[in-house]
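Chemist: This is the structure I have questions about; it appears just below.
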Amino acid sequence: MDSAVVIEPGGGERLGTHIRVKLERPELSVNEVAVGPDFVGTGPHYHEHHVDAFYVLEGELEILCGTETLRAGAGASVAVPPGIVHGFTSSEAHERTRYLNLHAPDSGFIEYIRRRTRGEDAEWDSIDVEEPRGPGDREVTEPDSGERLEHAVRTITVRAAQPQLCFLEFEARRGFGPIDPHEHDGIDSFYVLDGDLGLWANGAEQRFELGSFVAALPHVEHGILRVEEPVRFLNFHAPDDGFAAFIRGD
């Protein structure tokens, strides 16, 4: 594929009653999930090879990491490294919880959900355990907290920096950009949280509204247009390939 993946707000492949697939690639999968207060989620388990990350858009998730349970409300993110026991469920205090779930690399997750939706057995990079255990290593960022890299025309929050995934939040103000068309060996993707994001994608200048998802696949040219009105968006690089260090100026 020599073009960017563009998913409009509310779009994507529907799996079951609550999952919309935004991206399925070996390097990264991204889902937008909407559930009610009776959502059970998953019990204690761990992944051997990939990062499992969450960003809460609305409502609240209860996320187990090791033996500790965290409450992640809207604007919070949690990234769980390989080998760490975790699980999650929605909070009964909210009528609706909506969140992004990322797996980097995908490790067969989307196909697992697809087959389970059809009632078929499937295996992937996930190992269940009987009870919570072990260390609770994870990267947790609450709204307006975390590692914030301030500049006159933008603030970048580093939400996760692991070999498999660089997870950033941009608050871009008037005068940010442009970032000229370029390409990466991995995936560079965007989810718009607020405002309109201007991108160079698929050979043209385009604007993307709240809830849009865009992924520049490996070696696909893309760029960011000059910002005239404030915009806030998430940015996922998979794998990291030194991008977090570049952003930090290391």
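The values are calculated or read from the model by the stated rules, or taken from the named source; none is laboratory data. Every value quoted in this text rests on a predicted model; they were computed, and no experiment measured them. Methodologically, a virtual Cβ is constructed for each residue, glycine included, from the backbone with ideal geometry; neighbour enumeration extends over all protein chains shown. Please note that ligands, DNA and RNA were not included when accessible areas were found on the heavy atoms of the full protein model with its side chains. Shrake-Rupley method; radii C 1.70, N 1.55, O 1.52, S 1.80 Å.
Chemist: Would you kindly calculate the translational diffusion coefficient of region 1-94, applying Stokes-Einstein with the Kirkwood radius from alpha carbon pairs, for 4 °C and a viscosity of 1.567 mPa s, and quote it in µm² s⁻¹ without decimals?
Modeler: D, rounded to a whole number, is 89 µm²/s.
Chemist: Next question, about the same structure. Quick one: among Glu120, Glu221, Glu95, which has the greatest mean-square fluctuation in a GNM of the chain with alpha-carbon springs under 10 angstrom?
Modeler: Looking only at Glu120, Glu221, Glu95, the largest GNM fluctuation is found for Glu120.
Chemist: Output ³J(HN,Hα) for region 48-57: one whole-Hz value per residue in order, computed from phi by the Karplus curve 6.51 cos²θ - 1.76 cosθ + 1.60 with θ = phi - 60°, and x for Gly and Pro.
Modeler: Each residue of region 48-57 in turn: 7, 10, 10, 7, 10, 10, 9, 10, 8, 8 Hz.
Chemist: For the chain, taking Cα atoms only, what is the radius of gyration to one decimal and the Dmax to the nearest whole Å?
Modeler: Values for the chain (Cα only, Rg and Dmax): 17.5, 53 Å.
Chemist: Students often check this: by mean Cβ neighbours within 10 Å, which of 132-139, 192-199 ranks highest, and how do the rest follow?
Modeler: Ranking the peptides 132-139, 192-199 by packing returns 192-199, 132-139.
Chemist: I've got another one for you. How large is the charge dipole for the chain, taken about the Cα centre, if only the Cβ atoms of Lys, Arg (+1) and Asp, Glu (-1) carry charge, to the nearest 20 debye?
Modeler: Once rounded to the nearest 20, the dipole reads 440 debye.
Chemist: Still on this model: For region 110-181, just the Cα set please: Rg and Dmax, both in angstrom.
Modeler: Rg then Dmax for region 110-181, in Å: 19.1, 53.
Chemist: Further question: Calculate, for the chain, the solvent-accessible area per residue in square angstrom, rolling a 1.4 angstrom probe over the heavy atoms of the protein chains.
Modeler: 46
Chemist: Kindly report, to the nearest 10 Å², the accessible surface of Leu100 as traced by a 1.4 Å probe over protein heavy atoms only.
Modeler: 0
Chemist: Please report Rg over Rh for region 50-189, where both radii come from the alpha carbon positions and Rh follows the Kirkwood definition.
Modeler: Reported Rg/Rh (Cα atoms, Kirkwood Rh): 1.01.
Chemist: Please give the FRET efficiency for Glu150 paired with Glu120, using the beta carbon to beta carbon distance and R0 = 51 Å, rounded to the nearest 0.05.
Modeler: For Glu150 and Glu120, the calculated efficiency is 0.55.
Chemist: Out of the total accessible area of the chain (probe 1.4 Å, heavy atoms of protein only), what percent is carbon and sulfur?
Modeler: The value for the chain is 47 percent carbon and sulfur by accessible area.
Chemist: Ok, one more. Along region 202-208, what does the Karplus equation 6.51 cos²θ - 1.76 cosθ + 1.60 (θ = phi - 60°) give for ³J(HN,Hα), rounded to whole Hz, x for Gly and Pro?
Modeler: 3J(HN,Hα) across region 202-208, in whole Hz: 6, x, 8, 6, 9, 10, 10.
Chemist: Run the paramagnetic zone check for Glu131: 7 angstrom along Cα to Cβ, then residues of region 59-80 with backbone nitrogen under 18 Å.
Modeler: 64-69
Chemist: Moving on to the next point. Relative contact order for region 21-111 using alpha-carbon pairs under 8 Å, separation at least 6, rounded to a whole percent?
Modeler: Relative contact order for region 21-111 comes out at 44 percent.
Chemist: For Cα pairs less than 8 Å apart in space and 6+ apart in sequence, what is the mean separation divided by the residue count of the chain, i.e. the relative contact order in percent?
Modeler: It comes to 21 percent, rounded to a whole number.
Chemist: Find the relative contact order for region 75-169 and round it to a whole percent, using C-alpha pairs within less than 8 Å whose residues are 6+ positions apart.
Modeler: Reported as a whole number, the value is 34 percent.
Chemist: Amide H neighbours of Arg154 under 5 Å, at least 5 residues apart or on other chains, H built in the peptide plane: list them.
Modeler: Arg173
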